[in-house]
Amino acid sequence: MTQLFPEIRAVPPGPRSRDLAARLAAVESPSVDARREARAKEVGDDHVAIVYREGEGSNLVDVDGNRFVDLAAGFGALLLGHRPRGVADAIERQQRRLWLALGDLYGSDAKVALCERLCRLYPEPGARVMLGATGADAVTAALKTATLATGRGGVVAFEGAYHGLSHGPLAACGLRPSFRQPFADQLNPNVFFAPYPFDASSLEASMAAVDRALTRRNVGAVVVEPILGRGGCVVPPREFLPALAASCRRHGALLICDEIWTGLGRSGSWLASLDCGIVPDLICLGKGLGGGFAISACLGRSDVMQAWAAHGGATIHTATHFGAPPACAAALATLEALEAGQLAQRSLSVGERWSDRLREATRGLGVAAVRGRGLMVGVALQGGTRRALGAMRSLLRRGWIVLTGGEHGDVLTLTPPLNISEALLDAFAVALAEALQSP
Ligand code: PLP
């Protein structure tokens, strides 16, 4: 696993990145360039993107030959870093045999092995799984399952939460109402938002809002992130998920835990929801599942998933590339490597040490909080979006790739590979302090 320190040859974005970024902006959806312009205006600094050339382990090299440490890691999806050997070998073996089976009609041996493995992640017997390609696919499958199983299409979701941007999950996107607003006419009108409990003092208000929404007779599901990811690495009080599960039981609604960000070790346990002592009715996995390949899964309790069989002999939820054999092989190899390396445990202990180190290094530098669990860490900055974007750019120039997140865009979100070296994490703490001191 490559774990090298940054090496900057041409201040990023260098000339090749600038050239390619301009070519991309000329042909890609204009929203990307519009965001760049908005950010440049906000920060008063250029916001041109770098363009990646290759990645290995914890490192990325851009088209100008600059070497970065990747603390964004594919929006948290690269749990094992870039191109991990075991996963690459498994994909190569699979690609020599079979690229595409026939979806729900004729599966592949790789799909069988993966589905069996995934069902074993669910702690009760008889679990079933539906594969997808993206995280949004998994959430869509869960929302549809809940509707079929309860006969009720209404949903309770949370402010600050993110579940993907295709129509089903978008309706439940509490991160920013502006994501939903242009498409409001096309979205599920029966989604009720409750405040996410940021701390113990907000738990009661949050649960009261959930209970109020659940008394509406058309609500069949509550969808929740066990820890807010894109919303800024917010860890709720430990009683939150058990309270939600109890509330769902009282009202006959299903609990969907979206573990697309938190799952598979990212937050320091295999599944953050099980760690809280509950068993959700449905669990969504994505991001890291394929080790960088596009694959996701909706796992569900036996009786709930039976609703699909009761529908009457038609496959009403499938897609051409769901469960593609190379993605299944990648996912199996990823799960094996995560288990063999005990990376969930490592994520917890290393994340705790790193968070302490970040707190120490940034004391007195306008940091409101360092929060999160495992290797999903949020550094909430005083000074709003402007300061966070400035810090992100300053770190980029120093060779560190980070993202901003949170409802107000004022959090640096850090999701490195779970096997990143502690030497790199320590060096980042120093770089962060420098970036905050002299952006
Ligand atoms: N759910 C959560 C918690 C996420 O963080 C994301 C993506 O960031 C999604 C769902 C959507 O996943 P995708 O972007 O693969 O559709």
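What to note about this one:
- For Val129, Val304, Val155, Val11, the sequence from fewest to most other C-beta atoms within 10 Å is Val11, Val304, Val129, Val155.
- In this simple spin-label model, placing a label point 7 Å from the Cα along the Cα-to-Cβ direction at both Ser178 and Asp303 gives a separation of 4.5 nm.
- Panel order for Ile295, Ile50, Ile227, Ile8, by other beta carbons found within 10 Å of each beta carbon, from fewest to most: Ile8, Ile50, Ile227, Ile295.
- According to the calculation over all Cα-Cα pairs in the chain, the P(r) per 10 Å bin from zero is 5, 21, 31, 27, 14, 2, 0 %.
- Residues Trp261, Trp99, ranked from the fewest to the most other C-beta atoms within 10 Å, line up as Trp99, Trp261.
- Gyration tensor verdict on the stretch 205-340 (Cα atoms; rounded if a/c is under 1.5, prolate if a/b is larger than b/c, oblate otherwise): oblate
- Under DSSP loop assignment and at most 13 Cβ neighbours within 10 Å, longest trypsin sites (Lys or Arg not before Pro)-free interval of the chain: 239-362
- Karplus-derived 3J(HN,Hα), 6.51/-1.76/1.60, for each residue of the stretch 342-355, Hz, glycine and proline x: 6, 6, 5, 5, 4, 4, 5, 6, 5, x, 5, 5, 5, 4
- Here's the list of aspartates and glutamates a cross-link from Lys41 could span, going by alpha-carbon distance under 17 Å and ignoring same-chain residues fewer than 8 apart: Asp33, Asp410.
- In plain terms, the chain from Glu360 to Glu422 could stretch by 20.8 nm, reckoned as 0.36 nm per residue minus the Cα-Cα distance.
- The radius of gyration of the Cα set in the stretch 314-394, together with its Dmax, comes out at 19.6, 61 angstrom.
- Straight-distance crosslink candidates among lysines, where the alpha carbon sits under 26 Å from Lys111 and sequence neighbours closer than 8 are dropped: Lys144, Lys287
- In the chain, Cα pairs under 8 Å separated by at least six residues give a relative contact order of 22 percent.
No value in this document is a laboratory result; all are computed from the given coordinates. Just so we're clear, the structure is a prediction, and the values are computed from it rather than from any experiment. Ideal geometry is used to build each Cβ from the backbone, glycine not excepted, and the neighbour counts take in all protein chains shown.
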